[in-house]
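Worksheet: one structure, shown below.
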Amino acid sequence: MYKVFIDNTPLYIIDEVKEVLPNAVYIHSENITSIQDAIFAFSKKVELSHPIYIVSEDQEATFKKLFAGFEYIEASGGIVQRGNKYLFIKRNGCWDIPKGKLEKNEDPALGAVREIGEECGINNPKIEKLITTTYHTYKLKNKPKIKRTFWYALSYEGSAKTKPQKEEGITKVKWFKKAEFDTIRANTFESILDVLDVY
């Protein structure tokens with residue numbers, strides 16, 4: 001199964017429909033020639049806040065077909081734990097998990113450590129495990145992109161002092177207790193909620 005977030009709306013590519021969910025739209029892959037067609041068919045039926053399910057016997061081929069016109073980008077980041085607190089950033093007005101674009105041929109785990117260090121001003125958090133991977137689309141300079149992000153759980157024993165990377169749109173870096181995660185959930189992206197749920 002593939003799950004791709006398009007403007008906070010999840011699009012799933014599945015092999016069969018096991019349960020028909022209310023307010024969801026189901027489209028067979030034979031009827032889709034591009035992601036624009038999928039969104040058009042979807043938006044004619046319900047508001048864009050409801051999920052799309054594309055049914056396909058060959059999920060990988062359908063995924064490639066849907067996003068053939070998109071530039072593929074890989075990124076990496078993660079949730080850093082220090083004692084009983086967890087590190088989050090505020091970027092463009094929303095709470096987020098620190099992450100960034102991988103360099104050419106960069107190992108995702110090493111990229112996560114580098115990006116978190118750059119965005120938050122901490123040194124060498126330790127990778128514990130891979131949490132999950134997510135896909136989401138966006139436009140940059142009117143060109144469609146699809147980003148695959150590798151999310152890790154990390155630990156950190158250094159100073160609690162942080163420094164936001166302002167040139168990346170980060171205005172705040174803050175340590176939160178788990179009991180305070182509702183603050184994050186109230187002002188973040190659906191893909192980030194997915195990562196928190198798996199974590």
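If the limit is 24 Å between Cα atoms, which of K99/K178; K104/K177; K104/K161; K139/K161 go over it?
Values: K99/K178 20 Å; K104/K177 35 Å; K104/K161 30 Å; K139/K161 34 Å.
Correct reply: K104/K177; K104/K161; K139/K161.
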Exercise. Which entries of K85/K141; K3/K126; K65/K85 show an alpha-carbon separation above 30 angstrom in the structure shown?
Worked result: K85/K141; K65/K85
For this session: Grab every C-alpha pair in the chain, bin the distances at 10 angstrom width from 0 up to the longest one, and report whole percents.
Result: 8, 33, 32, 20, 7, 0
For this session: Starting at the first residue of segment 87-95, write each ³J(HN,Hα) from the Karplus equation 6.51 cos²θ - 1.76 cosθ + 1.60 with θ = phi - 60°, in whole Hz, x for Gly and Pro.
Result: 8, 9, 10, 10, 10, 6, x, 10, 6
Seminar exercise, completed: Under the Karplus relation with 6.51, -1.76 and 1.60 and θ = phi - 60°, whole-Hz ³J(HN,Hα) for segment 146-161, x at Gly and Pro, equal 10, 10, 9, 10, 8, 10, 10, 9, 10, 10, 8, 10, x, 5, 6, 5
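Show that you can apply the helix-only estimate: for the chain, add -39,500 (n - 2.57) for every DSSP H stretch of four or more residues, divide by all residues, and state [θ] at 222 nm to the nearest 500. Numbers along the way, then the final one.
Details: 5 runs with 44 residues, N = 199.
Estimated from H runs of four or more residues: -6000 deg cm²/dmol.
Beta carbons within 10 angstrom, averaged per residue: use that to sort the peptides 114-121, 15-22, highest first.
114-121, 15-22
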For this session: Order the peptides 190-197, 123-130 from the highest to the lowest mean number of other Cβ atoms within 10 Å of their residues.
Result: 190-197, 123-130
Seminar exercise, completed: Bounding extents of segment 129-195 in its principal axis frame from Cα atoms, largest first in Å, are 40, 27, 25
Problem set entry | Stretchable slack from C94 to E128, in nm (0.36 nm times residue separation minus alpha-carbon distance) | 9.6 nm
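Each value in this text was obtained by applying a stated rule to the coordinates, not by laboratory testing. Predicted model, so just to flag it, every value in this text is computed and none were measured. Here the Cβ is made from the backbone with ideal geometry for all residues, glycine too, and neighbour counts use every protein chain on show.
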